[in-house]
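Trainee: The following block contains the structure, expressed as structure tokens.
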Amino acid sequence: MKDLTKQYETAKQNSIELMKMGQISDYLNSLIEVNKYKKLMLAISAN
């Protein structure tokens, strides 16, 4: 769970940086990655 949290936070920071730089397609791909980690964390916490 700790690893997922770190990966989630890293992906979130990366997406914010991409948004600031104006790289929209990379930003959207990064948001998909953030969403994936969020879903995994919810699945683990539900079990």
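Trainee: Give the number of residues within the stretch 33-47 that are surrounded by fewer than 12 Cβ atoms within 10 Å (Cβ to Cβ) and either modelled with pLDDT of 95 or more or not aliphatic (A, V, I, L, M) (or both). Give the steps one after another, and end with the answer.
Mentor: Taking the stretch 33-47 first, the residues surrounded by fewer than 12 Cβ atoms within 10 Å (Cβ to Cβ) are 39, 42-47.
Okay, now just the ones that are also either modelled with pLDDT of 95 or more or not aliphatic (A, V, I, L, M) (or both), so 39, 45, 47.
Adding up the residues that qualify gives 3.
Trainee: Against the condition surrounded by 15 or more Cβ atoms within 10 Å (Cβ to Cβ), among the basic types (Lys, Arg) and touching a helix residue (DSSP H, G or I) at 6+ places or on another chain (Cβ under 8 Å), how does Lys12 come out, does it pass? Write out each step before concluding.
Mentor: Details: surrounded by 15 or more Cβ atoms within 10 Å (Cβ to Cβ): yes; among the basic types (Lys, Arg): yes; touching a helix residue (DSSP H, G or I) at 6+ places or on another chain (Cβ under 8 Å): yes.
The answer is yes for Lys12.
The values are calculated or read from the model by the stated rules, or taken from the named source; none is laboratory data. Predicted, not measured: the structure shown is a model, and the values here were computed from it. Cβ sites come from the backbone with ideal geometry, for glycine too, and all protein chains shown count toward neighbours.
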